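Just below is one structure, and these are the notes that go with it.
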Amino acid sequence: MEWYTTLIAGIAILFVLFLSGAPIFLAFLGSILIGVYFIIGPAGFPMFANSILDTASTTSLASIPLFILIMALANILFSNIVTAAIFGVALNVLYAFVWFRVAISLPSVAVGEHMGSMDAWEITSEHSRDILMMSVVIIVLNSVMSMGVATLFGGLPLVAFILRIIVQWTTMMVGISVLTTLYGHIVEGRSLSGS
């Protein structure tokens, strides 16, 4: 099935569900589940663990439309799954880079100081290369672990679900740790050496 046929069918299903009076979230969830089944097959369902945990554990829901855009662009532009995966990882690295540069303002709220997003962007400008490399490492490790779980445990949906939750929780904790470390080092001037 071509991508445009799938897109048209998905939009049609979405509108039918809207017109039937289904709640918006159920209409989107139903069209997504049907799309995943026809595009990826039953092996695609364990990826919902990533989606659910990411949505529940982020401070901003802005990542949802960005992820949809990334995957839509990857599917439209690339027919090769490997190329699409590389493109998706690259865009996620870009997103993580911007996130770590702007979200450094969040720990400032926790310590009672206020820092705007533009202030955070300006303060982190000297460290942008280091933040980019750190973003690459985090995204690549998360992608490799997620793909490893999907590949090794795709036939065991419950095990894959639990392992994906563990991978996403670990990634979230690493992200929080990195964010607070960046704040302490860049804004507060603390040394990274521990001395």
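Computed 3J(HN,Hα) for the stretch 129-142, one whole-Hz value per residue from the Karplus formula 6.51 cos²θ - 1.76 cosθ + 1.60 where θ = phi - 60°, is 5, 5, 5, 5, 5, 5, 5, 4, 4, 5, 5, 5, 4, 4, glycine and proline marked x. Averaged over residues, the count of other Cβ atoms within 10 Å places the peptides 155-161, 28-34, 103-109 in the sequence 103-109, 28-34, 155-161, highest first.
Quick note: the coordinates plus some simple rules give every number you see, no bench work behind them. Being a predicted model, the structure only gives us computed values, none of them experimental. Every residue, glycine among them, receives a Cβ derived from its backbone with ideal geometry; neighbour counts consider all protein chains shown.
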